[in-house]
Amino acid sequence: MSWLAKLVTWARIKSPWIIHFNSGACNACDIEIVASLTPRFDIERFGILLKGTPRHADVLVCSGPVTRQIKDRLIRIYEQMPEPKFVVAVGTCSCSGGVFNGCYNVMGGIDTVIPVSAYIPGCPASPAAIIDGVAKLLGSLQGKKPDEKAEIEAIVKKPLEAETSTNG
Amino acid sequence: MSALLLILFLILEFLFLGFLGMAVEFIDRKLYARMQNRIGPPWFQPFADFVKLVAKEDIIPEEANPMMFKLMPVLALTAVFTAFLHIPLWDSTPLISFNGSVIVIVYLLTIPTLTFFLGGWHSTSLFSMIGAVRTLTQLFAYEVPLLLSVLAPAILAHTWSIEEMSEFYSKNPLFALTNAIGSIVAMIALQGKLERVPFDMPEAETEIVGGTFTEYSGRLLAMFRLAIDMETVVGASLIVAVFLPFGLHSGPLIGFVLYLAKILLVILLLALLRTVTARLRIEQMVVFCWKYLAPAALVQIIISLTLNWIIK
């Protein structure tokens, strides 16, 4: 890699802007995604910002199975995002369709409609798991194995502390 | 040869302003985060955002006017940089100085807002059009108080040149204290000009998606963001030069440190305002600006006129 490509990869890892899209979830995953945006977890430490428009976003965070009605909208939102773009499926339903798999009004998981880069299972996925999943996605940008995280020390440490204090 | 040197100098100055703008964005975001009991972004965050946006794909909507769409970010950067050349930094002497430069600076700072409007309008998205109209509505609300509040010190100093104004106030520092109301008005108006909370209706992401910049992506968005960062520096420098002209003749090094400290003070106050308030509705903002801000600026002008009369 030339130094320019290295710089760009570094910048992409340090500044992932996300857009949140509900493709038919029951709202539990949405609440957890919103919770992970709160000052308690403070994901601006990692440069993550929530953006309102797909044009500004790098990561499309989807929750819920894809219903037949939302399919076209999901594809449209995905195609409005500028390259390079990534999709994160949050929750069991968006990973595989969950309990709704095979239902008459549901297409299945997010990957039946658009390509997905990271799957975060859980019903609902906890904020710590969501942040962990995004960290692994960023690690794959650095050419790491799927189960390794990006080289961001804070990302490994801080959510765990927050997690223990939430449970305790 | 001298033209080449001038171009080189201008490029260096542009890089300096860009660096300062990113530093100011980081300080603002960090202060905002700390006041919300968060840790906040790391120091390189604005730079990482900029590099990432530059390396991203540029999407120009089919319906948009490509020429205007591409031209507007460049124009915003140019106008802000031109305004910066008129503002004194560590000394009382700016690069370009003439009688009337105060008015020129205020008008040059209006151009970025107009480019936001035109860029949003020419991207032909519904959301960006709403944002563009709000930008222009806001312009009519805060522009008059800002101009009036900068006018009052000029009346007292009997000059339209920012250099002579700084000179006058650094000779008579007590007179600068009489401009307290004007400085508060100018700071609130600057918050409106920079489209930050509580005056961020043009890009209210919770109601109109991305506002003016909805359709902008990649390099063009990076330029707009850089222009806003630079505008923050230039606006803060204008307030510092007009309302806080202290310690101007203490050499370039101390003068520069003092200048940075003063800018930091202005940024701190702006970040504080951003933290303690929530977004207003557009008509609340217009009412606020015309009902309270403009009369306060007029009071400041009356104070300046009275002082003028007493001195004579």
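Quick check: anything in region A:69-79 hydrophobic (A, V, I, L, M, F, W, C), open to solvent by less than 10 Å² (accessible area, probe 1.4 Å) and more than 14 Å from every other protein chain (Cβ to nearest Cβ)?
Scanning region A:69-79, I find at least one residue that is hydrophobic (A, V, I, L, M, F, W, C), open to solvent by less than 10 Å² (accessible area, probe 1.4 Å) and more than 14 Å from every other protein chain (Cβ to nearest Cβ), so the answer is yes.
Please tell me if A:CYS103 is touching a Cys at 6+ places or on another chain (Cβ under 8 Å) and open to solvent by 10 Å² or more (accessible area, probe 1.4 Å).
Taking the combined requirement at face value, the residue does not satisfy it.
Tally up the residues in region B:172-192 that are surrounded by 19 or more Cβ atoms within 10 Å (Cβ to Cβ) and closer than 14 Å to B:ALA154 by Cα, please.
Number of matching residues: 5.
Tell me which residues, restricted to region A:112-128, are in a helix (DSSP H, G or I) and buried (at least 19 other Cβ atoms within 10 Å of the Cβ).
The first filter runs over region A:112-128 and keeps only residues in a helix (DSSP H, G or I), leaving A:112, A:127-128.
Once the filter is applied, which keeps residues that are in a helix (DSSP H, G or I) and buried (at least 19 other Cβ atoms within 10 Å of the Cβ), region A:112-128 yields A:PRO127, A:ALA128.
Considering only residues that are modelled with pLDDT of 85 or more and open to solvent by 60 Å² or more (accessible area, probe 1.4 Å), look in region B:67-109 and name the one that is nearest to B:GLY18 (Cα to Cα).
B:THR78
Looking only at region A:10-25, which residues are farther than 16 Å from B:THR206 by Cβ and within 9 Å of another protein chain (Cβ to nearest Cβ)?
Listed by number, the residues that qualify are A:TRP10, A:ALA11, A:ARG12, A:ILE13, A:LYS14, A:SER15, A:PRO16.
Let me confirm something: among B:LEU269, B:LEU280, which residue is in contact with a Pro (Cβ under 9 Å, 6 or more places away or on another chain) and open to solvent by 20 Å² or more (accessible area, probe 1.4 Å)?
B:LEU280
Collect the residues in region B:196-222 that are away from chain A (no Cβ under 14 Å) and either in contact with a Lys or Arg (Cβ under 6 Å, 6 or more places away or on another chain) or open to solvent by 10 Å² or more (accessible area, probe 1.4 Å) (or both), keeping them in residue-number order.
B:ARG196, B:VAL197, B:PRO198 - these are the residues of region B:196-222 that are away from chain A (no Cβ under 14 Å) and either in contact with a Lys or Arg (Cβ under 6 Å, 6 or more places away or on another chain) or open to solvent by 10 Å² or more (accessible area, probe 1.4 Å) (or both).
A quick yes/no check of all residues on (1) open to solvent by less than 10 Å² (accessible area, probe 1.4 Å); (2) in contact (Cβ under 8 Å) with a residue 40 or more places away in the chain; (3) in contact with an Asp or Glu (Cβ under 7 Å, 6 or more places away or on another chain):
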| position | (1), (2), (3) |
| --- | --- |
| B:GLY119 | yes, yes, no |
| B:SER125 | no, yes, yes |
| B:VAL133 | no, no, no |
| B:THR137 | no, yes, no |
| B:VAL144 | no, yes, no |
| B:PRO153 | yes, yes, no |
| B:SER170 | no, yes, no |
| B:LEU194 | yes, yes, yes |
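Which condition from (1) away from every other protein chain (no Cβ under 14 Å); (2) open to solvent by 30 Å² or more (accessible area, probe 1.4 Å) is the one that A:CYS95 breaks?
(2)
Please work out which residue is nearest to the other protein chains (Cβ to nearest Cβ), limiting yourself to region B:1-46 and to residues that are open to solvent by less than 30 Å² (accessible area, probe 1.4 Å) and free of Cβ contacts under 8 Å to residues at least 12 places away in the same chain.
This residue is B:ARG38.
Which residue is farthest from the other protein chains (Cβ to nearest Cβ), if the candidates are limited to region A:26-47 and must be open to solvent by 30 Å² or more (accessible area, probe 1.4 Å), in a loop (DSSP other than H, G, I, E, B) and not aliphatic (A, V, I, L, M)?
A:CYS26
Output the number of residues of region A:7-24 satisfying the condition of being open to solvent by 10 Å² or more (accessible area, probe 1.4 Å), of a type outside the set (A, V, I, L, M) and part of a strand (DSSP E or B).
3
Could you grab me the full set of residues in region B:47-61 that are among the β-branched types (Val, Ile, Thr) and at the interface with chain A (Cβ under 7 Å from one of its Cβ atoms)?
Result: B:VAL51, B:ILE59.
Considering only residues that are aromatic (Phe, Trp, Tyr) and modelled with pLDDT of 80 or more, which ones fall in region B:170-212?
If the condition is that a residue be aromatic (Phe, Trp, Tyr) and modelled with pLDDT of 80 or more, then B:PHE199 is the only one that fits.
The values are calculated or read from the model by the stated rules, or taken from the named source; none is laboratory data. This one's a predicted model, so the numbers in the text were calculated from it and none came from an experiment. As a convention, Cβ positions derive from the backbone with ideal geometry for all residues, glycine included, and neighbour counts pool all protein chains shown. What goes into the accessible areas is simple: the full protein's heavy atoms, side chains included, and nothing from ligands, DNA or RNA. Shrake-Rupley method; radii C 1.70, N 1.55, O 1.52, S 1.80 Å.
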